[in-house]
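Data block below; observations after.
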Amino acid sequence: MAVYTEVSDEALAAFLAHYDIGALVSFKGIAEGVENSNFLLVTDRGPYILTLYEKRVDPADLPYFLGLMQHLAKHGVTCPLPVACRDGALARELCGRPAAIVTFLPGVWPRRIRNEHCAGVGAALAQLHEAGAGFALRRANALGPAGWRPLLDRCLPRADTVREGLAAELEAALGAILALWPSGLPAGHIHADLFPDNVFFLNERVSGLIDFYFACTDLYAYDLAVCLNAWCFEADGSFNVTKGRLMIAAYEAKRPLSAAEAEALPTLCAGAAIRFLLTRLHDWLHHPPGAFVTPKDPLEYLRKLRFHRTVRGAADYGR
């Protein structure tokens, strides 16, 4: 979450006139993350989240994102529900940006990741994958393997200003990953960005999943690989195999991995690492002026990528 677009009182009042959510009590920006502009909107009926879609979000994708959240909620996944306008629309324009209001979820995301968090995320991810079945819309993963080469090309001229030799290392790693990328694995609707700040907990249990604006139709095991990257590394860069084991076991208790998925896990984890390395590197090198957030360190994912390229099989992740 972040704030890139300021919203005036007049613009907000005109926008809220299209909704039946009560009288405005307070409104403030949420300055976390690197993507859309998000605000905590409180009315006399309770809290909501207002999002203005920026940067990588194509307005044509909003029916998929908002519709998927509706579908998942109907099938037992606790996630934000889009709030319809008086005319039934789920999105409108605000300050020149597509915008939507969704319900507020209680809970806090974990600043210090413990073993039980990883198990909870594994179970929640499998539930999401199962619940997504039957949702008719599809969306290609714009930040999947086909998108990594264009991202790298935009970063190459200045990559070595971040770390000497980074450009050559990324070229070699990307080539190796794409050469081994699997096909024919089970696929469906995935979150694709289930980082700690997108999972809320109450009393040590998952209370909600948020930020579905990278969701897409892609490999289920790739989504698990994203989570292994996001949740199972320690601050010193080491992979915590106990956390990995708990996450994978909780996932497989609901949706067992196929033999082909398990075999592909090192490549999928390396791919997830280079995906976030490249998007972070791009944001680091092309940080928009005036944003109220600091780009995340791309080198964190360089260390993770190096680990994955040494892995021999799924057992190294705790399976």
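Read-outs: derived from the displayed coordinates by stated rules, not from any lab. Everything quoted here is computed from the prediction, not taken from an experiment. Backbone-built Cβ (ideal geometry, glycine too); neighbour counts: all protein chains shown.
Structure notes:
- Non-local lysine pairs in the chain, meaning eight or more places apart or on different chains, with alpha-carbon distances under 18 Å, amount to 4.
- The order of the peptides 256-262, 230-236 by mean Cβ neighbours within 10 Å, most packed first, is 230-236, 256-262.
- Förster radius 25 Å - calculated FRET efficiency between ALA249 and ALA187, Cβ distance, rounded to 0.05: 0.65
- Distance between segment 252-318 and segment 118-179 - C-alpha centres, whole angstrom: 7
- Rounded tilt (10° steps) of 166-180 against the dominant C-alpha axis of the chain: 80
- Residue exposure proxy: HIS282, HIS191, ordered by other Cβ atoms within 10 angstrom of their Cβ from fewest to most, comes out as HIS282, HIS191.
- Net charge over other residues, Cβ less than 11 angstrom from the Cβ of THR51 (K, R count +1; D, E count -1): -2
- Highest to lowest packing among 195-206, 217-228, scored as the average C-beta count within 10 Å: 217-228, 195-206
- Once the Cα atoms are used to define both axes, helix 299-308 deviates from the longest principal axis of the chain by about 40 degrees.
- Eigenvalues of the alpha-carbon gyration tensor of segment 252-319, scaled by 5 and square-rooted, set the equivalent ellipsoid semi-axes at 31, 13, 9 angstrom, largest first.
- Helix 115-131 vs. the chain, principal-axis angle (Cα, 0 to 90°, nearest 10): 70
- Note on TRP109, TRP284: ascending count of other Cβ atoms within 10 Å places them as TRP109, TRP284, the fewest first.
- Estimated at 0.36 nm per residue, the fully extended path between ASN115 and GLU234 surpasses their Cα-Cα distance by 41.7 nm.
- Peptides 295-301, 91-97 ordered by average Cβ neighbours within 10 Å, highest first: 295-301, 91-97
- Whole-Hz couplings from phi, Karplus 6.51/-1.76/1.60, listed for segment 132-137; x for Gly and Pro: x, 4, x, 6, 6, 5
- Stokes-Einstein diffusion coefficient of segment 190-319, Kirkwood radius over Cα pairs, 20 °C, 1.002 mPa s, in µm²/s: 138
- Residue exposure sequence - LYS28, LYS243 - by fewest surrounding Cβ within 10 Å: LYS28, LYS243
- Rg/Rh (Cα only; Kirkwood hydrodynamic radius) as it applies to segment 9-103: 0.94
- Annotation: amide H of ALA187 within the under-5 Å range of TYR220, sequence separation 5 or more or interchain, hydrogens built in the peptide plane.
- Whole-angstrom Cα spans of the chain along principal axes, big to small: 58, 45, 35
- Estimated FRET transfer efficiency (ALA168, CYS95; beta-carbon r; R0 30 Å; 0.05): 0.10
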